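A short write-up of the structure that comes next.
Any read-out appearing in this document is the output of simple, stated calculations on the displayed coordinates, not a laboratory observation. Predicted, not measured: the structure shown is a model, and the values here were computed from it.
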Amino acid sequence: MRKFFTVLTIGIVALIAYTYGAKAGRGRYREIKAGIDAMWNDPRVKKARKKAMKRAEKAAKSM
């Protein structure tokens, strides 16, 4: 029974911590996502992705 209450307490604390962290961290999450989106859509990155896909397709065909 003691183990059950320990697990229950940890679960409740984790839920509370997640809730407060999600509310406080939403702005930072948006900043990180905007940075990743900007990098992903950069023309140099698009060119590199396209080149990598062509090489991968070529390698797959040669197998």
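Summary table
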read-out	value
Column: log10 I(q)/I(0), Debye, Cα scatterers of the chain, q = 0.12 Å⁻¹	-0.63
Between helix 2-40 and the chain: long-axis angle, C-alpha atoms, 0 to 90°, nearest 10	30
Gaussian network model of the chain, Cα within-10 Å springs - most flexible of 25, 35, 11	11
